[in-house]
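For reference, the structure is listed below as structure tokens.
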Amino acid sequence: MDKIKTIIEPFKIKMVEPIKHTTEEYRRAVLKKAGYNLFNVKAEDVLIDLLTDSGTAAMSSGQWAAIMDGDESYAGARSFFQFEEAVKKITGLKNIIPTHQGRAAEKILFSIVGGKGKTIISNTHFDTTRANVEFSGARAVDLVIEEGKSPSKIHPFKGNMDLKLLEKTINEIGPTNIPLVIVTVTNNAGGGQPVSMENLRETKKICKKYGIPMYLDACRFAENAYFIKKREKGYENKSPFEISKEMFSYCDGATMSAKKDGLVNIGGFLALNDDDLTQKARTLLILTEGFSTYGGLAGRDLAAIAKGLEEVVEEDYLQYRIRSIEYVGEKLTALDIPIILPTGGHAIFVDAEAMLSHIPKNQYPAQALACELYAVGGIRGVEIGSAMMDRDPETKENRPAKMELVRLAIPRRVYTQSHMDYVVEILDIVNRQKKNICGLKMIYEAPVLRHFTARYEQV
Ligand SMILES: *Cc1c(COP(=O)(O)O)cnc(C)c1O
């Protein structure tokens, strides 16, 4: 029998949500009113929303059933124990603290271990992680391998930590000033690129040598596990669940936004082995999030996460998930549209600096490209570049990003292949008319996480 090549969406659709067509003229007016910031655009005015893969997943019939079965008791709800068991099953970590999303776990963790004089090391801190580290007074240092900083260099694990640089940095700063090392899997800000098992193992070895705990920012652990299965020798025949368990076996703690690989619309957790730290974390949790068996979530949310964590490691799902991103990547590459290669796990990253070489870096080329994709096709992506980098907290200078990217994040189980074909077509049209795109000037910015609320004018 011939081998079947078509990879189908491994689900059928039970409920549909209409999306609305508008005209280019209408969308250009919307953009102007929104200060050229797509965060200020109403979702109703977007046709294909690729702003984020966070909290945008379609839940399964199994998850909706779990929601109906949610236990809303304030303390000791059955849904909490289902959630706790599901998180423990995958992470093997001892103490599980629910939070309303990933950044709440980060806020609690870095409020305790951060502070002035401390340094947190990561392959690349995600923006909320960096903001929470810096808000505590600590410094955030990124040590991703050189290949991870270059959009076109091919490497199977571009999210890897630079191990030599890690050891050198620990020696320079002194291990007592480094409360933890946190590895982001997959590396979101660096293009959704995976981290290899070998790199996790070696990072752990170095951390252990200096008595520094190693954490995972585990938002996309399952996508990372699938890349390990496909690309790393020795893992071909292991299941994504087994691989996930091994990934977590190297860490002492983890933060997670369940809005990614939890396949839910809200939720997250902080998981820790350290009992003393757990006690402090639970105290802060009660102060801002809620009691330790719900952490700012409804019981039904906890039940949906428990089911989502089961579904996300299914091989059919992960094969479709990773392939759908690769599919868009192959089409764009064939059209000579510069993207980060190889494609990562949850998004396509268009290299706006390469595509719009006529727009200088200080005129936010990636923001300009994101706006144009919206104007021409009603597609909403997001800038991952100099606007997102914020200013240096000490010098107050702009921090130019290493890359100026537009991220087109693909929500989980939401869009079909024809939606993706449309996205490719719009990118092709925009690329062919790119000389008409002009740069942007930032006219308002907040002191932290400025890209959410910034306003721009066309130059
Ligand atoms: C989304 C994300 C976070 C923050 O999670 P929220 O649920 O948005 O607060 C942290 N780290 C990474 C890598 C993320 O992708």
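Listed values, structure above:
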| quantity | calculated |
| --- | --- |
| Cβ-derived FRET efficiency at R0 51 Å, Met15 paired with Asn171, nearest 0.05 | 0.35 |
| Of Met420, Ile120, Gln319, farthest towards positive along the dipole that unit charges on Lys, Arg, Asp, Glu beta carbons give the chain | Ile120 |
| Distance from the range 164-199 to the range 348-392 (C-alpha centre basis), Å | 27 |
| Size of electric dipole in the chain: Cβ of Lys, Arg +1 and of Asp, Glu -1, about Cα centre, debye, nearest 20 | 480 |
| By accessible area with a 1.4 Å probe, ligands and nucleic acids excluded, highest first: order of His419, His346 | His419, His346 |
| Exposed chymotrypsin sites (Phe, Trp or Tyr not before Pro) absent - longest run of the chain, DSSP non-H/G/I/E/B, at most 14 other C-beta within 10 Å | 75-459 |
| The range 121-168 shape via C-alpha gyration tensor axes, a/c threshold 1.5 | oblate |
| Rel. contact order, % - alpha carbon contacts under 8 angstrom, at least six apart, the chain | 23 |
| Whole-percent carbon and sulfur share, accessible surface of the range 363-459, 1.4 Å | 52 |
| Residues Ile286 and Ser150, FRET efficiency given R0 of 45 Å [Cβ-Cβ distance, rounded to 0.05] | 0.50 |
| Tensor-based shape of the chain (alpha-carbon gyration tensor, a/c under 1.5 rounded, otherwise prolate or oblate) | rounded |
| Global geometry of the range 61-311, whether rounded, prolate or oblate, following the gyration tensor of its Cα atoms and the 1.5 cut on a/c | oblate |
| Normalised contact order of the range 61-311, rounded percent, pairs of Cα under 8 Å and 6 or more residues apart | 31 |
| Apportionment of accessible area to carbon and sulfur, the range 61-311, percent (1.4 Å) | 53 |
| Efficiency of FRET between Ser61 and Glu326 - r from beta-carbon atoms, R0 25 angstrom, step 0.05 | 0.35 |
| List Val30, Val414, ordered by accessible area with a 1.4 Å probe, largest first | Val414, Val30 |
| Inter-centroid distance (Cα atoms) of the range 217-261 relative to the range 81-125, Å | 16 |
| Pairs beyond 29 Å (Cα-Cα), from Lys42/Lys89; Lys204/Lys229; Lys20/Lys434; Lys168/Lys259; Lys396/Lys441; Lys20/Lys107 | Lys42/Lys89; Lys168/Lys259; Lys20/Lys107 |
| Length added when fully stretched, Ala334-Arg28, from 0.36 nm per residue minus Cα-Cα | 107.3 nm |
| Exposure of Lys441 as accessible area (Å², to 10), given a probe of 1.4 Å and all protein chains | 120 |
| Net dipole in debye of the range 61-311 [+1 Lys, Arg Cβ; -1 Asp, Glu Cβ; about Cα centre; nearest 20] | 500 |
| Accessible area per residue, Å², the chain with all protein chains present, probe 1.4 Å | 43 |
| Heavy-atom accessible area ranking, 1.4 Å probe, most first, across Lys42, Lys88 | Lys42, Lys88 |
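The values are calculated or read from the model by the stated rules, or taken from the named source; none is laboratory data. Since the model is a prediction, treat every value here as computed from it, not as a measurement. We place every Cβ from the backbone using ideal geometry, glycine too, and count neighbours over all the protein chains shown. Each accessible area value is taken on the protein alone, full model and side chains, heavy atoms only, with ligands, DNA and RNA left out. Shrake-Rupley method; radii C 1.70, N 1.55, O 1.52, S 1.80 Å.
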